[in-house]
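Participant: Before I ask anything, here is the structure I am working with.
The values are calculated or read from the model by the stated rules, or taken from the named source; none is laboratory data. What you see is a predicted model; the values in this text were computed from it and never measured. Cβ coordinates were reconstructed from backbone atoms using ideal geometry, including for glycine residues, and neighbour counts include every protein chain displayed. Each accessible area value is taken on the protein alone, full model and side chains, heavy atoms only, with ligands, DNA and RNA left out. Shrake-Rupley method; radii C 1.70, N 1.55, O 1.52, S 1.80 Å.
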Amino acid sequence: MSRTAGRQQPARRLPGYAEARRAAQYIVARGRLRPKVGIILGSGLGGVADRLRAAVIPYGAIPHFPRSTVRGHAGELHLGKWARTPVAILAGRLHLYEGYHPAEVVLPTRALALAGIEILIVTCAAGGIAAKAAPGSWMAFSDHLNFQSLNPLAGLEDERLGTRFVDLTRAYDPDLRALARRCAGRLGVRCSEGVYAALLGPSFETPAEIRALKRLGADAVGMSAVPEVIAARQLNLRVLALASITNRAAGLSRQPLSHEEVLAGGNEAARQLGRLLDDLLAELSGQWI
Ligand code: HPA
């Protein structure tokens, strides 16, 4: 047996407040602006960031930022003004299924909060379970079911990030949700609201899991969003989460599920999201100018 067999790996230092603060300082200095709204772009939605004439910073240049390893996620931070609102766009999300620790997944969210954002808009792709969650439509989260078996707040407490016992009763801001749905209505973009179930992935769900999720009250299912939302709520950000429904969930259609299918609808969904954000950010800009 080799001498190293059975030896424990040294514990990996997980990013916390100090790392998020260093990243935030770098972001504010590079962008020469304090973002007010942070936007996380989900699978296939990265093109939205191109609407913004902005400073583009690769994640690799930002202290402590991990790199995204998934196709359809660029790994760039875009900083600039959109509809007169200073925004920071994370084009490239990190997923738990890539093997990141939850503390790494939420590091960019915490960095944006410490850089000054007050609102976080989280977007993602999801499979539709409820009839209203039809492919090609959007769903604003009213609540979530966390079935990822992980929580970014587990571990050592650091009060500089807020309390560990975060109240998630109103995790999703009802006013932002109503505003998003009003904007969608004006633009002819279909947008329902409902409960998002987060699973770890990366395999898609089984039909039996989808039947179970349906009985438990899930309207759509995905593999992301929830860690960032929990971290954002700990730091008291107002949260809006929007899922682009890319497919019917497993067992609800004859179509086989694939990542290609999830990305395929991305262009049209990104175009819709761009128009939606034009409207939404213009409405929100009144709060800052
Ligand atoms: N399941 C989980 N995540 C997803 C799906 C799905 O059907 N579609 C897009 N993301």
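Participant: Just to be sure, is residue 228 part of a helix (DSSP H, G or I), open to solvent by 70 Å² or more (accessible area, probe 1.4 Å) and within 16 Å of the ligand (Cβ to nearest atom)?
Facilitator: Against the criterion (part of a helix (DSSP H, G or I), open to solvent by 70 Å² or more (accessible area, probe 1.4 Å) and within 16 Å of the ligand (Cβ to nearest atom)), residue 228 does not qualify.
Participant: Quick check on my filter: what residues within the stretch 196-234 are under 16 Å from residue 135 (Cα atoms) and either at pLDDT below 95 or under 16 Å from the mean Cα position of the chain (by Cα) (or both)?
Facilitator: Those that are under 16 Å from residue 135 (Cα atoms) and either at pLDDT below 95 or under 16 Å from the mean Cα position of the chain (by Cα) (or both): 196, 220, 221, 222.
Participant: Just one of (1) within 14 Å of the ligand (Cβ to nearest atom); (2) in contact with a strand residue (DSSP E or B) (Cβ under 7 Å, 6 or more places away or on another chain); (3) among the hydroxyl-bearing types (Ser, Thr, Tyr) trips up residue 192, so point out which.
Facilitator: (1)
Quick grid of which residues meet (1) under 25 Å from residue 154 (Cβ atoms); (2) of a type in the set (D, E, K, R):
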{"position": "196", "(1), (2)": "yes, no"}
{"position": "210", "(1), (2)": "no, no"}
{"position": "219", "(1), (2)": "no, yes"}
{"position": "222", "(1), (2)": "yes, no"}
{"position": "230", "(1), (2)": "yes, no"}
{"position": "252", "(1), (2)": "no, no"}
{"position": "264", "(1), (2)": "no, no"}
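Participant: What single numbered condition from (1) within 14 Å of the ligand (Cβ to nearest atom); (2) open to solvent by less than 40 Å² (accessible area, probe 1.4 Å); (3) closer than 30 Å to residue 164 by Cα fails to hold for residue 202?
Facilitator: With respect to (1) within 14 Å of the ligand (Cβ to nearest atom); (2) open to solvent by less than 40 Å² (accessible area, probe 1.4 Å); (3) closer than 30 Å to residue 164 by Cα, residue 202 is out only on (2).
Participant: Sticking with this structure for a sec: Specify the residue that is most open to solvent (accessible area, probe 1.4 Å); the eligible residues are those in the stretch 126-140 that are touching an Asp or Glu at 6+ places or on another chain (Cβ under 6 Å) and part of a loop (DSSP other than H, G, I, E, B).
Facilitator: Once the filter is applied, the top-ranked residue is 130.
Table: residues versus (1) within 16 Å of the ligand (Cβ to nearest atom); (2) part of a loop (DSSP other than H, G, I, E, B).
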position	(1), (2)
56	no, no
60	no, no
66	no, yes
114	no, no
123	yes, no
142	no, no
146	yes, no
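Participant: Taking residue 284 and the conditions (1) part of a helix (DSSP H, G or I); (2) of a type outside the set (Val, Ile, Thr); (3) within 10 Å of the ligand (Cβ to nearest atom); (4) in contact (Cβ under 8 Å) with a residue 60 or more places away in the chain, which numbered condition does it fall short on, given that it satisfies the others?
Facilitator: (3)
Participant: Now for a separate question. So the check is Cβ under 6 Å with 6+ separation or different chains; which pairs have a first residue in the stretch 36-47 that's closer than 17 Å to residue 138 by Cβ and a second one that's within 16 Å of the ligand (Cβ to nearest atom) and part of a loop (DSSP other than H, G, I, E, B)?
Facilitator: If the second residue must be within 16 Å of the ligand (Cβ to nearest atom) and part of a loop (DSSP other than H, G, I, E, B), the pairs left are 40/93; 43/72; 44/72.
Participant: Within the stretch 4-43, work out how many residues are modelled with pLDDT under 90 and surrounded by 23 or more Cβ atoms within 10 Å (Cβ to Cβ).
Facilitator: Within the stretch 4-43, residues that are modelled with pLDDT under 90 and surrounded by 23 or more Cβ atoms within 10 Å (Cβ to Cβ) number 2.
Participant: Being within 14 Å of the ligand (Cβ to nearest atom) and at pLDDT 95 or above narrows it down to one residue among 171, 134, 178; which is it?
Facilitator: Result of the check over 171, 134, 178: 134.
Participant: Determine, yes or no, whether residue 79 is open to solvent by less than 20 Å² (accessible area, probe 1.4 Å), assigned to a helix (DSSP H, G or I), more than 16 Å from the ligand (Cβ to nearest atom) and of a type in the set (A, V, I, L, M, F, W, C).
Facilitator: No.
Participant: Could you give me the residue pairs with C-beta distances under 6 Å whose first residue belongs to the stretch 83-94 and is open to solvent by 10 Å² or more (accessible area, probe 1.4 Å), whose second residue is polar (S, T, N, Q) wherever it lies, and which are 6+ apart or on separate chains?
Facilitator: Within 6 Å, the pairs are 83/285; 84/285.
Participant: Then there's this: Tell me which residues, restricted to the stretch 234-281, are within 16 Å of the ligand (Cβ to nearest atom), open to solvent by 70 Å² or more (accessible area, probe 1.4 Å) and not in a loop (DSSP other than H, G, I, E, B).
Facilitator: Hits for the stretch 234-281 are 260, 264, 267, 268.
Participant: I've got another one for you. With the checklist (1) under 15 Å from the mean Cα position of the chain (by Cα); (2) assigned to a helix (DSSP H, G or I) in hand, flag the one item residue 184 doesn't pass.
Facilitator: Checking residue 184 against (1) under 15 Å from the mean Cα position of the chain (by Cα); (2) assigned to a helix (DSSP H, G or I), the one that fails is (1).
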